[in-house]
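Values quoted throughout were computed directly from the atomic coordinates according to the rules given, and no laboratory measurement underlies them. Not measured: the values here are computed from a predicted model. All Cβ positions, even for glycine, are placed from backbone atoms using ideal geometry, and neighbour counts span all protein chains on display.
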Amino acid sequence: MTKITTHILDTSLGKPAANVRVWLEKIDGQQALKINETATDADGRAAGLTPEGVEAGNYRLYADVGAYFFANGRETLYNLAIVDFIISAEQAHYHLPILLSPYSYSTYRGS
C-alpha cells in the first residue's frame, strides 16, 4: 500500500501554509470516493491523508486555499488547488508538495 503526503508552502510569504484543509479522493470513472481529510500543521505538512495506505489508481488531492487566504485577510484567485494524479504501481510513498501564492500554485513529485 502507498502512503500519500503533502506540504504547502506559501511562497509569497516564504513560509509554510498552516491550517489549510486538505482532502484526498479516489476517482473511479465518474465517481469520487473521499479517502480522508485533515489540515496542514504549523510546518505546512499533512501526513495523515492515508493512514492505511492506498492502492494503484487515479486520485485527487484538494487544498482549500481560498479559506486559507481569507482567514489571513488576503485576496486570492483560487478557491481550491487541485492535484489530479495517477499511482501506476505500488510504491511506499508519494509526496506531493504545493507551492502557493495568491495568484498561482504549482506542484511536483517530491521525495
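Quick rundown of the values:
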read-out: Long-range HN-HN contacts of residue 50 with modeled amide H, under 5 Å; value: 4
read-out: From phi via Karplus (6.51, -1.76, 1.60), per-residue ³J(HN,Hα) for the range 56-69 in Hz, x at Gly/Pro; value: 4, x, 9, 10, 10, 9, 10, 10, 7, 6, x, 5, 4, 5
read-out: Fraction of antiparallel bridges per DSSP, the range 7-111 only, in percent to nearest 5; value: 90
read-out: Dipole magnitude (debye, nearest 20) for the chain, charges at Cβ of Lys, Arg, Asp, Glu; value: 180
